[in-house]
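Reviewing the structure listed below.
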Amino acid sequence: MPEDAEVGVYAGFASVWRTRESFVLDFATEVRPPEVTRDPDSGAQFVHVPARVVARVRIPPGQVWELMKALEQNLSAYERETGGRGDGGA
């Protein structure tokens, strides 16, 4: 692994989408405080979180199952060790 990638980057949000060839995971971080705004068409109020994608990872569909299994195992271990979700919603 390149030295400059060892530390990683912080991402407070993740978004998942797909194409026919791959699943795409976008990791983003907040760049400014959230702001309450209105949808110009419907007038509905919502919270907009200005964010920047700091990493985009594309994986083949066959790897999604392995990733999901690894995430589930690690999340279960984390919850056993800490007793919670880690986001204040325990």
Query raised in the report: Debye sum, Cα scatterers, the chain, no solvent: what log₁₀ I/I(0) at q = 0.25 1/Å?
Result: -1.21
Report summary line: Here the relative contact order (percent) of the stretch 3-82, from C-alpha pairs under 8 Å and at least 6 apart, is 26 percent
Requested in this report: Round to the nearest 0.05 the FRET efficiency obtained for SER42 and GLU72 when R0 = 35 Å and r is the Cβ-Cβ distance.
Outcome: 0.40
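Restricting attention to the chain, which trypsin sites (Lys or Arg not before Pro) occupy a DSSP loop and are surrounded by at most 13 other Cβ atoms within 10 Å? Write out the running numbers ahead of the final one.
Values: sites: ARG18, ARG20, ARG38, ARG52, ARG56, ARG58, LYS69, ARG80, ARG85; in loops: ARG20, ARG85.
Filter output for the chain: ARG20, ARG85.
DSSP loop GluC sites (Glu not before Pro) in the stretch 10-64 with at most 14 other Cβ atoms within 10 Å of their Cβ, which ones?
On the way: sites: GLU21, GLU30, GLU35; in loops: GLU21.
For GluC sites (Glu not before Pro) across the stretch 10-64 that sit outside H, G, I, E and B with at most 14 neighbouring Cβ atoms in 10 Å, the list reads GLU21.
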Report task. With only Lys, Arg, Asp and Glu charged, each at its Cβ (+1 for the first two, -1 for the last two), find how big the charge dipole of the chain is about the Cα centre; round to the nearest 20 debye. Result -> 260 debye
Query raised in the report: With springs only between Cα atoms under 10 Å, which of SER15, SER42, SER76 fluctuates most in a Gaussian network model of the chain?
Result: SER42
Query - the chain: calculated mean residue ellipticity at 222 nm from DSSP helix runs of at least 4, using -39500 (n - 2.57) - result: -9000 deg cm²/dmol
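Run through the stretch 1-35 and list the chymotrypsin sites (Phe, Trp or Tyr not before Pro) located in a DSSP loop whose Cβ has at most 16 other Cβ atoms within 10 Å.
Values: sites: TYR10, PHE13, TRP17, PHE23, PHE27; in loops: TYR10.
Passing both the DSSP loop test and the Cβ count: TYR10.
Every read-out reported here was derived from the displayed coordinates using simple, explicitly stated rules and does not represent laboratory data. Source: prediction; values computed, not measured. Using ideal geometry, Cβ is built from the backbone for each residue, glycine included, and neighbour counts are taken over all protein chains shown.
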